[in-house]
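The values are calculated or read from the model by the stated rules, or taken from the named source; none is laboratory data. Just so you know, these numbers come straight off a predicted model, no measurement behind them. Reconstructed Cβ throughout: ideal geometry from the backbone, glycine too, with neighbour counts over all protein chains shown.
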Number of protein chains: 2
Amino acid sequence: MDTELLKELIETKEFKVLRNGLKKLDSVALADLLEESEPDNALMAFRLLPKDLAMQVFDQLDPAQQSHLLEAFTDSRAKFFFESMQPDDRAELLDEVPAKVARRLLKFLSTSERQATLTLLGYEDNTAGRVMTPDFIDLDHRMTVEEALERIRKLAVEKETIYVAYVMDNERKLLGTIHLKDLVLANPETRLADIMTSAPKTVFTYTDQEEVAKILKDYDFLAVPVVDTENRLVGIVTWDDVVDIMEEEATEDIYRFGAVTGDEKGYFASRIFSVVRRRVVWLFLLILVNTVTGSVIAGQEAILGEIVILAAFIPLLIGTGGNVGSQSATVVIRGLATGEITPKRAVAIITREAGIGFVLGIVLGILVLGWAYLLGRSFEVAIVVSATLIGISTIATLTGGSLPFIFRLFKVDPALVSAPFITTVMDIFGVILYFLVANMLLSF
Amino acid sequence: MDTELLKELIETKEFKVLRNGLKKLDSVALADLLEESEPDNALMAFRLLPKDLAMQVFDQLDPAQQSHLLEAFTDSRAKFFFESMQPDDRAELLDEVPAKVARRLLKFLSTSERQATLTLLGYEDNTAGRVMTPDFIDLDHRMTVEEALERIRKLAVEKETIYVAYVMDNERKLLGTIHLKDLVLANPETRLADIMTSAPKTVFTYTDQEEVAKILKDYDFLAVPVVDTENRLVGIVTWDDVVDIMEEEATEDIYRFGAVTGDEKGYFASRIFSVVRRRVVWLFLLILVNTVTGSVIAGQEAILGEIVILAAFIPLLIGTGGNVGSQSATVVIRGLATGEITPKRAVAIITREAGIGFVLGIVLGILVLGWAYLLGRSFEVAIVVSATLIGISTIATLTGGSLPFIFRLFKVDPALVSAPFITTVMDIFGVILYFLVANMLLSF
């Protein structure tokens, strides 16, 4: 049964057929279906699911949807679903719901669970502490393999991952990690201290989640251990959370490069006016910068009044400057984000980009000269445009290539060097250079 | 010992101190160090590592570096490292090295290993077949839990992951998956068929790697099973490969949005001229489109000769159009990539974006009117600019919001709607609208 048909059944409230149809989908498909339905219909369809499946689907929904369902549920039903969540997901949800709902939900938890959830909420957004789960398997360094396996069997049902276990000393400081694989393969009498991986790579609760993702990626970890300042293990960030973090961080970088402020997550959830507010700040700042470009042009009334055709090439020149600059910035910003480029190599990279810009300028200059000739434009003006193009292209790669490093130097996220920002800066450089060259070459 | 000091030791060839210093780093840090050193120095430092550590470091290097080392090694040393690689990494490496080196390396493998590697190489780039590993734990559906655990113990040493095992029928068709966790917790006498997850989500060998990543993310899988057209399991794509795929795909999307063609991976590996070639195509196409803008302006010599100041606002207007359009395109492109936005909702989203553009235009128009007044510009011109701004802003969100959908409709990757592309298209709309409004409002 396809989802289109199911959507119709939801809308027409054909309960019997619907109930059977829903059961044939898996939890991910069901979550997608609910997210695409009207809130009230989603609630109705969710109620038709058998309890086990409903729990899996609930897990797959995004926090906004979960919050919507919980608000509509009776206390006992809300308690059931809220209790079944992992502590890290629970913290994320509480962050999303209105304070009143959060207070209602927190009451459903046992004292220790409430404590764990509130602790996670105490860490700053986008840090390891906020995304970690306190549910991990801890082992004592004096245990044998047999004792460890017994403990894992006992704890397994409630822990998020059991494939990596953490070996602690008497003061709960992290000594090493051990994979379930190695426990299964080892002699039951062996002491953990003899087969564990000592002093594993760890992060602190305040480490940025992007750094956590990088470590899991570089070390091929299943989970990254999170310690407090005294090296006591307080949680782990598992691979599935890292996969989500990576998508979130990529979205953030892409938004910044497109000059979209903040996260527009939940595209349909935000009101038009709040979207406008988030976008208008950057736009107006860029317009203010652009008045410089306008003033430069306004100051050239003499030559422009004489040779009006010069105005026709302004968009081409400043446009190309912006495009060339965006390309350089794209490569450098992404390189810095993935770690392929390090700030130490800034000089080498900027020099290289300048060289690329110069060659690009010559190639484009020759092409444009030919093109202008074909179109029958004045030869003098074509020369001015080509010469300007070489200069603009070099300045653009220099600007686009160096700005991310300069931002990084001043501890500003290099991803804030957006395409619109580069474009606007290149507008200024472009018109200044253009009229400089024009005034030099065109004696009138 | 910090890496800066080690780099110096590498350069001065202080072998003894260096050997001890290197041993103190972990494999990831060592791989970073080697990648930042000159090729010959990297080779020298690599030779100083103890064999075990060297193997781990080799695993961490990127294919270009691995290839460089293998080419310099003696046969027996090259054989040792090449044999120790996972089949999927081996295929990636063979793709990178010159044909001559590939032939030499393939000779080092046993017939069955060579076969497995060549099979992977036969699948198209960026498909599940290319990134999967054929090393997985397969179990027979008639086995008991005890028999399964015994088989896993026997196979575990050589398999990439043992935490998910795959249950097959007599014809090697995939029946279900089972987690090591569930095996460890189950009664040893239980039949696998009773506790496995039946009919798991699978992908085909030709499925795009981006789709594979999405499935692992949505289902929180440790690995995605890959089947041939007859539902026979041929490989799995593990979580660590998906983490790499996600980074690669995000880079691709970001590059496209910045109008950087192809992958500039291995930034320092490519020559300046090949970088220029890859960037110049887009730039020249955009310049060609931009000549339309030039022609529009050239056709307005009459009004421009009269009111030269009009030229001063061209960059501001077309710049804002490009910026507003980029913002809309950013949100829609990313939404399509993550699946938050589906093509089915195109009309709703485009309408919404147009609304946002109109409101943005009014806000910006009023701000600019005030700004122009403060700067003492002519009131008539300021009115023309503000009115144009409202129109441009609306057209920009319409364009930026709908182009990704139109591209998708024609089966072109929406990520090809780059910021420079939007900017250039908006240049044309911008000047046309500007002179239309100017000619209408300014009677002269």
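Quick check: is even one residue across the range A:21-28 exposed (fewer than 15 other Cβ atoms within 10 Å of the Cβ) and of a type in the set (K, R)?
Looking only at the range A:21-28, we keep the residues that are exposed (fewer than 15 other Cβ atoms within 10 Å of the Cβ), and these are A:23-24.
Then drop every residue that is not of a type in the set (K, R), which leaves A:23-24.
Yes, some residue in the range A:21-28 is exposed (fewer than 15 other Cβ atoms within 10 Å of the Cβ) and of a type in the set (K, R).
Being part of a loop (DSSP other than H, G, I, E, B) and within 12 Å of another protein chain (Cβ to nearest Cβ) is the filter here; which residues of the range B:157-186 pass it?
B:K159, B:E160, B:T161, B:I162, B:Y163, B:A186
For the range B:377-430, which positions are more than 26 Å from the chain's Cα centre (by Cα), acidic (D, E) and either surrounded by fewer than 21 Cβ atoms within 10 Å (Cβ to Cβ) or not in a helix (DSSP H, G or I) (or both)?
Passing the criteria: only B:E380.
Restricting attention to the range A:195-231, report how many residues are at pLDDT below 90 and closer than 17 Å to A:Y123 by Cβ.
Going through the range A:195-231 one residue at a time, the tally reaches 2.
Pairs under 6 Å by beta carbon, first residue more than 17 Å from B:Y166 (Cβ to Cβ) in the range B:116-138, partner in a strand (DSSP E or B), six or more apart or different chains?
B:V131/B:V237
Looking at A:I341, is it under 32 Å from the mean Cα position of the chain (by Cα), under 26 Å from B:W282 (Cβ atoms) and at pLDDT 90 or above?
Against the criterion (under 32 Å from the mean Cα position of the chain (by Cα), under 26 Å from B:W282 (Cβ atoms) and at pLDDT 90 or above), A:I341 does not qualify.
Please enumerate the residues belonging to the range A:34-70 that are within 15 Å of A:L93 (Cβ to Cβ) and within 11 Å of chain B (Cβ to nearest Cβ).
Scanning the range A:34-70 gives A:D59, A:Q60, A:D62.
Scan the range A:382-390 and give yes if some residue there is at pLDDT 90 or above, out of contact with any Gly (no Cβ under 9 Å at 6 or more places or on another chain) and more than 16 Å from A:S326 (Cβ to Cβ), otherwise no.
yes
Give the residue that is nearest to A:G299 (Cα to Cα), with candidates limited to residues of the range B:297-309 that are under 46 Å from the mean Cα position of the chain (by Cα) and more than 8 Å from chain A (Cβ to nearest Cβ).
The residue in question is B:Q300.
Identify, from the list B:E14, B:E8, B:E35, B:E71, the residue that is outside the structural domain of B:V157 (by TED's automatic domain parsing), free of Cβ contacts under 8 Å to residues at least 60 places away in the same chain and under 25 Å from the mean Cα position of the chain (by Cα).
That would be B:E35, the only listed residue that is outside the structural domain of B:V157 (by TED's automatic domain parsing), free of Cβ contacts under 8 Å to residues at least 60 places away in the same chain and under 25 Å from the mean Cα position of the chain (by Cα).
State which residue is surrounded by the most Cβ atoms within 10 Å (Cβ to Cβ) when the search covers only the range B:330-349 and only residues that are in contact with a Gly (Cβ under 6 Å, 6 or more places away or on another chain) and within 7 Å of another protein chain (Cβ to nearest Cβ).
In this case the residue turns out to be B:T330.
Yes/no matrix, rows are residues, columns are (1) within 7 Å of chain A (Cβ to nearest Cβ); (2) in a helix (DSSP H, G or I); (3) under 38 Å from the mean Cα position of the chain (by Cα):
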{"position": "B:L316", "(1), (2), (3)": "yes, yes, yes"}
{"position": "B:G322", "(1), (2), (3)": "yes, yes, yes"}
{"position": "B:S326", "(1), (2), (3)": "yes, yes, yes"}
{"position": "B:T351", "(1), (2), (3)": "no, yes, yes"}
{"position": "B:G357", "(1), (2), (3)": "no, yes, yes"}
{"position": "B:L364", "(1), (2), (3)": "yes, yes, yes"}
{"position": "B:L367", "(1), (2), (3)": "yes, yes, no"}
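Determine if the range B:330-338 includes at least one residue that is without any contact (Cβ under 8 Å) to a residue 24 or more places away in the chain, assigned by TED's automatic domain parsing to the domain that holds B:F421 and either farther than 22 Å from A:A419 by Cα or of a type in the set (K, R) (or both).
no
Go over the candidates A:T423, A:T394 one by one and state the one that is within 14 Å of chain B (Cβ to nearest Cβ) and either of a type outside the set (S, T, N, Q) or over 13 Å from A:G322 (Cβ atoms) (or both).
The match here is A:T394.
Which residues, counting only those in the range B:70-88, are buried (at least 16 other Cβ atoms within 10 Å of the Cβ), in contact with a Lys or Arg (Cβ under 9 Å, 6 or more places away or on another chain) and not basic (K, R)?
B:L70, B:F73, B:A78, B:F80, B:F82, B:D88
Taking the conditions exactly as written (over 27 Å from the mean Cα position of the chain (by Cα), under 26 Å from B:R103 (Cα atoms) and part of a helix (DSSP H, G or I)), does B:A45 satisfy them or not?
no
Checking the condition within 14 Å of chain B (Cβ to nearest Cβ), assigned to a helix (DSSP H, G or I), of a type outside the set (K, R) and surrounded by 15 or more Cβ atoms within 10 Å (Cβ to Cβ), which residue from A:A31, A:A91 passes?
One residue alone meets the criteria, A:A31.
Counting just the residues of the range B:176-195 that are touching a strand residue (DSSP E or B) at 6+ places or on another chain (Cβ under 6 Å) and buried (at least 21 other Cβ atoms within 10 Å of the Cβ), which one comes out farthest from A:S27 (Cα to Cα)?
B:L192
Being within 8 Å of chain A (Cβ to nearest Cβ) and either closer than 25 Å to A:V332 by Cα or of a type in the set (D, E) (or both) narrows it down to one of B:I287, B:I245, so name that one.
B:I287
Kindly evaluate A:L192 against the criterion of being more than 10 Å from every other protein chain (Cβ to nearest Cβ), hydrophobic (A, V, I, L, M, F, W, C) and free of Cβ contacts under 8 Å to residues at least 24 places away in the same chain.
No, not satisfied.
From the list A:E211, A:E189, pick out the single residue that is over 35 Å from the mean Cα position of the chain (by Cα) and more than 20 Å from A:I162 (Cα to Cα).
A:E189
If only one of B:G258, B:G305, B:G321, B:G294 is small (G, A, S) and either closer than 30 Å to B:R172 by Cα or surrounded by fewer than 22 Cβ atoms within 10 Å (Cβ to Cβ) (or both), which one is it?
B:G305
How many residues, within the range A:47-69, are among the charged types (D, E, K, R) and surrounded by fewer than 16 Cβ atoms within 10 Å (Cβ to Cβ)?
3
Give the residue that is surrounded by the fewest Cβ atoms within 10 Å (Cβ to Cβ), with candidates limited to residues of the range A:203-238 that are of a type in the set (S, T, N, Q) and away from chain B (no Cβ under 12 Å).
The extreme case among them is A:T229.
Anything in the range B:295-338 that is over 19 Å from B:V385 (Cβ atoms) and of a type in the set (S, T, Y)? List them, or say none.
B:S295, B:S326, B:S328, B:T330, B:T338
Within the range A:248-293, how many residues are of a type in the set (D, E), within 19 Å of A:D62 (Cβ to Cβ) and modelled with pLDDT of 85 or more?
The qualifying residues number 3.
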